[in-house]
Amino acid sequence: PLVLLAENPGRGLDLRAAAAVFARLRSAATNGAAVIVHLPDLDDLLELADRIVVLAAGVSIPVPQGATRDDIGRMMLGAGNDPTGARGP
């Protein structure tokens with residue numbers, strides 16, 4: 001596919017099955033597909049994503065390179081400023 005959209009692709013799966021799904025998503029990306037994934041689990045997201053965008057309070061915030069797990073967690077909760085210094089609504 002040219003674009004692959006996945007909503008919480010590991011939900012309800014055991015660890016082995018979820019790992020297989022994530023491997024297929026990585027393979028699609030490696031083969032040129034645009035893979036867009038919505039994941040509520042930060043650990044899964046950090047394992048899978050090349051780039052992360054946080055949606056909080058209706059605002060889309062690209063996560064800068066070098067942002068820590070704590071920075072991203074705060075952004076996901078809409079708490080305070082993002083690491084780029086931009087303010088939310």
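The values are calculated or read from the model by the stated rules, or taken from the named source; none is laboratory data. The model shown is predicted, which means the values in this text are computed figures rather than measured ones. Quick note on the areas: whole protein, heavy atoms, side chains included, nothing else; ligands and nucleic acids left out. Shrake-Rupley method; radii C 1.70, N 1.55, O 1.52, S 1.80 Å.
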Report summary line: To the nearest Å², the heavy-atom accessible area per residue of the chain with 1.4 Å probe amounts to 72 Å²
Query raised in the report: Hey, of (1) 34; (2) 21; (3) 55, which did the structure itself give for percent of Cα pairs over 22 Å apart when calculated?
Result: (1)
**Report entry** Rel. contact order, % - alpha carbon contacts under 8 angstrom, at least six apart, the chain
**Finding:** 22 percent
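Using a 1.4 Å probe on the protein heavy atoms, what percent of the accessible area of the stretch 19-65 belongs to carbon and sulfur?
It is 53 percent, rounded to a whole number.
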Query raised in the report: Given 0.36 nm per residue, what is the gain on full extension from Leu42 to Arg24 after removing their alpha carbon distance, in nm?
Result: 4.6 nm
